[in-house]
Amino acid sequence: MAFAALALVMTTYAKDRDTGPQPLVAPVGIENMPRVGLEAYSFGTDQGMQSVVGSGAKLIRIELSWAAIEPLNVEPSLYSWTSYDTSLSRLKENGLVPLVVVKDCPLWACVRDNGPLLEAREADFAQFMGALAARYSQPAYDTHYWELFNEPDAAGGPDNQWGWGMHGDKYALMLAQVYPAVKAADPESAVLIGGIAYDYFFAQGGPFNPDFLPDVLDNGGADYVDGVAFHYYKGNANGWARIGNKVDELRSLMSQHDAGHLPLLCTEAGMSSDPQFNGSEAAQARYLVQMNVLGAVSGLRAQVWFLDRDFTSPDPWMQVFTKFGIARVDGSHKPSHTAMNVFASEIGSGRYVEQLRAEDGLTSSFEGYRFVMANGTREVSVVWNNVGTETLTIPADEALDMVRVVSLDGQPLATSPGPDGTRQLEVGLDPVYVEWGIRFSDVQSYSWEYPYVEYLASNGIISGYQDGTFRPGNPATRGQFSKMMVLGMGWTINPHPTPHFADVPASHTFYQYIETAFEHGIIGGYPCGAESEPCPGTYFRPGNDITRGQIAKIVVLSKQWQLQDPQVPTFSDVPSGSTFYTYVETSVAHGIVSGYQDGTFRPGNNATRAQLSKMLALSLQQP
């Protein structure tokens, strides 16, 4: 928290970075970190644990005291683990993922509890962290995420020499020894620069050094961490109206110091529900959702809300934080507790897709973002109005896919019919969730093939598989494409009483579509004589994969476009006079095909279901 007391003693230090170990390759553990987090202190009781679990947060930030485990400089076999064994195993038993802030340096290692380390004590801290990772990475605890000290950019005391704030070089040296020790014990771990306040700087009368992070990075710290944690509070001293503003500044700063590749996490953010600090329980609930949404939009790996429960304190300086909890002092839930649970259910760790625009029905007072649920079963748009309550009109083409609307507190909301097939919904300051059905689980709205597949599917021209997939990368057969083309053109099905092809009898799945396509002159067959094709007879080979050249020909013939025969070929591998030349060039003229970066079209290649969807959808939308 940005209110940590500073009472440190001045130390001096000199280091030679060249003697440190070489950086290790960061593991992928941080990629699996849950996005929705909660800082928790009350989970030691059954009521508190039930409240934390019920919040929907999966990432639980807790503090761990080095001084409590190793009050004297001893070997790991003599460490006192008891209290943390219980805490971390309880989190694991309840399906929660710990994010552990290691703090409280013992006096034998630091003169004051929040650093910096005394000279030559880096090896002792590395030993401690290695033992910590080895013990708690075990299945009984499954703890893999470590923050090293809370708000280490703080400084105080004579000449600001207390704390890590003026000692970014020492912090980097500490990382260089701790990181390999943790990785050796648990390769799947993630070591984080402890959540920096990066706010209320020296020049503003505060205790935080804006140069701490650059100093850490310039001294090689980026080689020994898996991410950078920071804190964000709305009433900040630097005017960051939204969490994304601070993210942008931090990313710019990190890029300037060759650390732009490191992920960012917000490990403290919150808002008071106390009216004396311009808050309310209702405002806190909507802010919790908006902050989480905007953090996800900004690409944060995780976001931790401070705090799980309100508390009391005699310290006047602490009063602003006492009502940051999503539960009251007595454990009863505020609206923000429900709001977090609903957000975790609707969006959680889901993938951000795009910001909603005017074509999605949003006027200037609305704000909205689209996500894909973590399980991939639905898309979810979260929308709110920044001014008041207004009518949101959902366009007709989107209304067809709308499943339901859910309020901030998880209640279903009714929509009403609007003009021309639209749906209308009243939206105010509180965010609402609009759920959309995903037609195919493997064709997301951000993929290039989505609009073409969606157009064909919504018009009944294509369908998927029984498992809910479309399999856009799979090839399609000649029989399948014949059916698509006939349905797309809207031709009357006219099965011939006598089959034209020896391998497509009247009982064949695609018989009526192939015969209809034949009657319209868009397909032909192959002479007999090939393997398994006895003579006499003509064969269609409906099970063969269809090629890109064949699709171009069928589409052009179906649309009855005038054939183009330019003197200069568009593609190097479709020369003038070749089998598919005029069909491919006509397709180019109508904008339904494109080639590859090397200037080829590859007419003999099998077309994927995604590729043929694009060609077919574009052709059907032209005269």
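From the protein chains alone at 1.4 Å, what is the descending order of accessible area for 489, 615, largest first? Display every interim value, and only then the final one.
Details: 489 55, 615 10 Å².
Output order, biggest surface exposure first: 489, 615.
Roughly speaking, what is the centre-to-centre gap between segment 497-537 and segment 59-103 when only Cα atoms are used, to the nearest Å?
72 Å
Check each of the trypsin sites (Lys or Arg not before Pro) in segment 349-447 and keep only those in coil by DSSP with at most 10 other C-beta atoms within 10 angstrom; list them in order.
On the way: sites: 351, 357, 370, 378, 404, 423, 439; in loops: 357, 439.
Those satisfying the criteria are 357.
Roughly to the nearest percent, how much of the accessible area of the chain is carbon and sulfur, given a 1.4 Å probe?
50 percent
As a test question: what accessible area, to the nearest 10 Å², does residue 211 have when a 1.4 Å probe is rolled over all protein chains in place?
So the heavy atoms of residue 211 present about 90 Å² to solvent.
Whole number in Å², please: accessible area per residue of the chain, 1.4 Å probe, ligands, DNA and RNA not counted. Intermediate values should be presented prior to the final figure.
Details: 25940 Å² over 623 residues.
Dividing the accessible area of the chain by its residue count gives 42 Å².
Given R₀ = 51 Å, FRET efficiency for residue 119-residue 622 by Cβ-Cβ distance, to 0.05?
Using R0 = 51 Å, I get an efficiency of 0.10.
At residue 594 and residue 282, where each label point lies 7 Å from the Cα along Cα→Cβ, what is the point-to-point distance in nanometres?
4.9 nm
By how many nm would the segment from residue 41 to residue 107 grow when fully extended, if each residue of separation counts as 0.36 nm and the alpha-carbon distance is taken off? Let's see the in-between values first.
On the way: separation 66, 0.36 × 66 = 23.76 nm, distance 2.47 nm.
Extending this stretch completely gives an extra 21.3 nm.
May I ask you to list the chymotrypsin sites (Phe, Trp or Tyr not before Pro) in segment 391-452 that are in a DSSP loop and have at most 15 other Cβ atoms within 10 Å of their Cβ?
Details: sites: 433, 436, 440, 446, 448, 452; in loops: 440, 446, 448.
For chymotrypsin sites (Phe, Trp or Tyr not before Pro) across segment 391-452 that sit outside H, G, I, E and B with at most 15 neighbouring Cβ atoms in 10 Å, the list reads 446, 448.
Would segment 574-623 count as rounded, prolate or oblate if I go by the C-alpha gyration tensor, calling it rounded below 1.5 in a/c and otherwise prolate when a/b exceeds b/c, oblate otherwise? It would help to have the intermediate numbers written out before the result.
Details: a/c = 1.87, a/b = 1.27, b/c = 1.47.
It comes out oblate by the Cα gyration axes.
Using 1/(1 + (r/R0)^6) with R0 = 45 angstrom and r between the beta carbons of residue 469 and residue 81, what's the FRET efficiency to the nearest 0.05? Please list the in-between numbers first.
On the way: r = 48 Å, r/R0 = 1.06.
Here the calculated transfer efficiency is 0.40.
Report which label in (i) 1.47; (ii) 1.15; (iii) 1.24 holds the value of Cα Rg over 2.2 N^0.38 Å derived from the coordinates of this structure.
Here the calculated entry is (iii).
What shape does segment 242-332 have by the C-alpha gyration tensor, where a ≥ b ≥ c are the square roots of the eigenvalues, rounded means a/c under 1.5, and otherwise prolate means a/b greater than b/c and oblate the rest? All intermediate terms of the calculation are to be shown ahead of the outcome.
Numbers: a/c = 2.59, a/b = 2.09, b/c = 1.24.
It is prolate, given that a/c is not under 1.5 and a/b is the larger ratio.
So what is the calculated 222 nm ellipticity per residue for the chain, using -39500 (n - 2.57) for each DSSP H run with n of 4 or more, over all residues, to the nearest 500 deg cm²/dmol?
Numbers: 16 runs with 175 residues, N = 623.
Helices in the chain give a 222 nm mean residue ellipticity of -8500 deg cm²/dmol.
No other cysteine beta carbon under 4.7 Å away is the test; run it over the chain and list who passes.
Isolated Cys, the chain: 266.
Hey, if you put +1 on the Cβ of every Lys and Arg and -1 on every Asp and Glu Cβ in the chain, which of 355, 566, 219 ends up farthest toward the positive end of that dipole?
So the residue furthest toward the plus end is 566.
Number of Lys-Lys pairs in the chain under 13 Å by Cα, sequence gap 8 or more or different chains?
On the way: 15/170; 58/92; 234/246; 323/334.
Counting lysine pairs in the chain gives 4.
Just to confirm the filter: which chymotrypsin sites (Phe, Trp or Tyr not before Pro) across segment 250-307 are DSSP coil and have at most 10 other Cβ within 10 angstrom of their Cβ?
Details: sites: 277, 287, 305, 306; in loops: 306.
Those that pass, being in a loop and sparsely packed, number zero.
Among 153-159, 213-219, what's the highest-first ranking by average C-beta atoms within 10 angstrom per residue? Intermediate values should be presented prior to the final figure.
Details: 153-159: 19.3, 213-219: 21.6.
Result, highest mean Cβ count within 10 Å first: 213-219, 153-159.
Stretch residue 413-residue 565 to full length: gain in nm at 0.36 nm per residue minus the Cα-Cα span? Walk me through the intermediate numbers first.
Numbers: separation 152, 0.36 × 152 = 54.72 nm, distance 5.79 nm.
This chain segment gains 48.9 nm when fully extended.
Using 7 Å Cα-to-Cβ label points, what is the residue 530/residue 50 separation (nm, one decimal)?
According to this spin-label approximation, the distance is 6.9 nm.
Given charges of +1 on the Cβ of Lys and Arg and -1 on the Cβ of Asp and Glu, with all other atoms neutral, how large is the dipole of the chain about its Cα centre, in debye to the nearest 20?
1280 debye
With just the Cα atoms defining each centre, how far is segment 565-606 from segment 138-188? Give it in Å.
Distance between centres, Cα-based: 60 Å.
Which of rounded, prolate or oblate describes segment 51-209 when judged by the alpha-carbon gyration tensor and an a/c cut-off of 1.5?
Working: a/c = 1.99, a/b = 1.35, b/c = 1.47.
Oblate, since a/c reaches 1.5 and b/c is not below a/b.
Report the gain in length on full extension from residue 420 to residue 458: 0.36 nm times residue separation, minus Cα-Cα distance, nm rounded to one decimal. Intermediate results must be reported in sequence, preceding the final value.
On the way: separation 38, 0.36 × 38 = 13.68 nm, distance 1.74 nm.
So the extension gain works out to 11.9 nm.
What's the FRET efficiency of residue 142 with residue 447 using the Cβ-Cβ distance as r and R₀ = 35 Å, to the nearest 0.05?
On the way: r = 34 Å, r/R0 = 0.96.
With R0 = 35 Å, the Cβ-Cβ based efficiency is 0.55.
The values are calculated or read from the model by the stated rules, or taken from the named source; none is laboratory data. As the structure is a prediction and not an experimental result, all values here were calculated from the model. So basically every Cβ, Gly included, is an ideal-geometry build from the backbone, and we count neighbours across all protein chains shown. Keep in mind that these areas ignore ligands, DNA and RNA; they rest on the heavy atoms of the full protein, side chains included. Shrake-Rupley method; radii C 1.70, N 1.55, O 1.52, S 1.80 Å.
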